[in-house]
Structure formats: C-alpha cells, structure tokens
Amino acid sequence: MTGRLRLATPLQLAVMTIAWLALCVAIDLAFNPRVSALDAEPPPESPLSLHFHHLRCNGCTEEITGALRKLPWLQNATMTVRASGADTVPGNFAGWLDVGGTDPAQMDFIAVDQTLRQAGFVASHMLFGGYRHFRLEGKAHHLCPPTATADCEPLPDVGAVRRPDRLQWLDSMGIDMSGSLVTFHVRFQQPGDRIDLKELFAAMDEYGMLTYTLRPVLSAE
C-alpha cells in the first residue's frame, strides 16, 4: 500500500524553476554566442587579402596598389605584401597583398575585381574574414523574384552551386521580392577563418549572373 503523495511546495517549485532556468541560460551562452558580444570583438588587422601570380614582379606592386587606391575607400588603406609557401620558391613572384585600415561598410568586392581588371591584373584569390557573423549582399539589375512561377529561371539552390572544392562557407542564399537584392549568408566563422570570394564569382559566372555590387554586412538581420 502506497503512502500519501506529497506534492512540491511553492517554494520548492520556485527553486527548481530558477535552477533549471539558470542551467539553460548557461548552456545557451556557452554554445550560442551572442551577436552583441561578437560586435565587441576587435576588428581584424587585415580583413581583405588578395593573391596575385605577378605581385612581386618589377613594378607590379606599385601598379596594383595604385589601381586599388583609385577606389575612395582604399585611398588611405594599409597594403602589405607578403610571400608564403610556394610563393617563396626562387623565380616565383607571386604573393599576397593584405589590405587593412578600411571600413567594411564601404567595401565593394565587385569594384575591386573590376578595377584590377581595368589595370590589367586579376587576383587568383580574394579572401575576406576575421568577423564571426556576416553576410554578403549583392545588387543585380534584374533577377527572378521568389513569386515568379513561369517564364523566369529562379536563383539556383545552394546545393547546385556548392561543391566539395568551393563555397563550403555558404550557408544559404536568397533574393528579395523585387528581384534586385541577392543575399549570401555565411556560416558562423572562427576568428582565423576567411572566405574566398573568387569561388562565389565562379559560381555566378556559371549561372550567367554577376551582381554589380557585393558588400559585406556585419550587422544582425
């Protein structure tokens, strides 16, 4: 024969509720970093790095940096040349150009690529990062909006553009109702992570679409 059931008192219920709430909050803080905390992190010294096969050839460095400084937001940027790995082999004049001292809100990666091409140079890699939480927003003249159901090819699914050798940093992408703003959501990044924007350019080339601007957005949605 069982005895009488003893229910928890209001005080006991309150204590257990507070304890469980504290545990859940602690777990959430530990495994789900807050965007506000990420915003407080110091910015990277060089968020943008460009790799060129002829960077350290005679006169090329000056031509490349001179071309980039034509962009208003790069006029006062720091530009440092470095060589690593295979770039240090004798006879190899490739290298990285690390760009710092810039405002991410002013960056436009399409403008960088086009400015370099007009000067006769093409970056083999265009790395951006140092921020844990950001997305890319590109403006297009016309793409099919999400509501289009006929006579208009929709933006491809992430699975169609992401491959084992590229765009592993791409979490999702979408387009606004006007068909003019494309958003590329980047996976949560560690401080040392960098994404290669040339991978995205290649995917857009295959799709037959290139946005006329491509900017990083660091703020939360």
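I need to check one value: relative contact order of the chain, counting alpha carbon pairs closer than 8 Å and at least 6 residues apart, in percent.
22 percent.
Lys/Arg Cβ at +1, Asp/Glu Cβ at -1, dipole of the chain taken about the Cα centre: which of Met79, Thr17, Phe52 is farthest positive-ward?
Thr17
Using only the alpha-carbon atoms, how far is helix 197-207 inclined from the longest principal axis of the chain? Give it as 0 to 90 degrees, nearest 10.
80 degrees
Given the DSSP H assignment, sum -39500 (n - 2.57) over each helix run of at least 4 residues in the chain and divide by its residue total; what's the result at 222 nm in deg cm²/dmol, nearest 500?
-8000 deg cm²/dmol
Extending each Cα 7 Å along its Cβ direction at Ala26 and Tyr207, get the distance between those two points in nm, one decimal.
Computed distance between label sites Ala26 and Tyr207 equals 4.5 nm.
Taking the Cα-to-Cβ direction at Arg69 and at Asp176 and moving 7 Å from each Cα, how far apart do the two end points lie in nm?
3.6 nm
Neighbour counts of other C-beta atoms within 10 Å: give me Trp73, Trp20 arranged from fewest to most.
Trp20, Trp73
Using a Förster radius of 35 Å, what is the FRET efficiency between Asp193 and Asn58 based on their Cβ-Cβ separation? Nearest 0.05, please.
After rounding to 0.05, the efficiency reads 0.55.
Once the convex hull of the alpha carbons of the chain is built, what does its volume come to per residue, in cubic angstrom?
For the chain, the hull spanned by Cα atoms encloses 235 Å³ per residue.
What list of ³J(HN,Hα) values in whole Hz, one per residue of segment 83-99 in order, does the Karplus curve 6.51 cos²θ - 1.76 cosθ + 1.60 (θ = phi - 60°) give from phi, with Gly and Pro shown as x?
Per-residue couplings from phi come out as 10, 8, x, 5, 5, 8, 5, x, x, 9, 10, 6, x, 9, 10, 8, 10 Hz.
With only alpha-carbon atoms in the gyration tensor, what are the semi-axes of the equivalent ellipsoid for segment 115-186, in Å, largest first?
Result for segment 115-186: semi-axes of 25, 17, 13 Å.
How big is the charge dipole of the chain about its Cα centre, in debye rounded to the nearest 20, if each Lys and Arg gets +1 on its Cβ and each Asp and Glu gets -1 on its Cβ?
Roughly 660 debye for the chain.
Laboratory data are not the source of any read-out in this text; all were calculated from the coordinates shown. Values in this document were obtained by computation on a predicted structure and should not be read as measured data. Heads up, the Cβs are rebuilt from the backbone with ideal geometry, glycines too, and the neighbour counts pull from every protein chain shown.
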